[in-house]
Amino acid sequence: MRVSVVVPTYNERESLPLLVNALRDVMGNETDWELIVVDDDSPDETWKVAEDMASKDRRIRIYRRLDCRGLSSAVVAGLSMAGGERVVVMDADLQHDVTRVPQLVAALDDTPLAVGTRYAPGGGVGGWGRGRVALSQAATVVCNLVLGLAVSDPMSGFFAVRREEFNRISSRLNPRGYKILMELMVVMRPARVEEIPYVFAPRVCGESKLSTRVVWDFGFALIELLTRSVVSPRFLKYGLVGLSGVGVYAFCLLYTSPSPRDRG
């Protein structure tokens, strides 16, 4: 098997068949590629749609996870299952440009990691508003500074990696939240990352997964990656929870305690 395409899904029953058809057009009818769908037991039964397609095309495999959720851990599960020498990771919502998949695969001739980027010349974010663009660019700057990276789109969900390289570092990964690429780069520390520009397309169907929880997970992931060699992730988690509790308590004291005049 030459190429594996890993697609994590959650409530993507409408877009998944469209992605599969697009992949078939791009990859052709050759048998040297496979699609691995990792579904987190979607309430809309995306897994059932994937199972139906897999019964008609042996290149499609489905892993329905019943015991855990999370995009990063789903990606790692898919990477671990991959039989291809080169593995592409992308979303099912058609916002990643399927036509760039062969370029990502070819880029692995010269580097262990290739990234689809929205911010290199030739890339773009489509119809994003100014606020979202500013937030994304700020997060990119922070990510590169804090983690010592030099990639234009370190939070991309569209990338390719050599399977042998992933196998080498997989035991050192602690996937959390939505940004597995950051962790891969921190652990791998590749000498060079090839960047393939693409334009981020508007969502065709389904709903965006962007939420305040995603922002929290991003911040936690940055701190965890920065302190991993010094502080255990579990200790860091409880420490942050404890600090947030102290902050809430201090806020309550500040705004509920009587003033000296009231006491008099």
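A compact table of results
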item: For the range 3-230: span of alpha carbons on each principal axis (Å, largest first); result: 47, 38, 35
item: Burial order of peptide ranges 71-80, 143-152, 84-93 (average beta-carbon count within 10 Å, highest first); result: 84-93, 71-80, 143-152
item: Neighbour-count order for Ser136, Ser171, fewest beta carbons within 10 angstrom listed first; result: Ser171, Ser136
item: Set of the range 87-125 residues, backbone N closer than 11 Å to the point 7 Å along the Cα-Cβ line of Arg168; result: 112-113
item: Projected label distance in nm at Asp52 and Ala134, using a 7 Å step from Cα toward the beta-carbon; result: 4.5
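Read-outs throughout are calculated quantities, based only on the coordinates presented, and are distinct from any laboratory measurement. Everything numeric in this text was worked out from a predicted model, so none of it was measured. Heads up, the Cβs are rebuilt from the backbone with ideal geometry, glycines too, and the neighbour counts pull from every protein chain shown.
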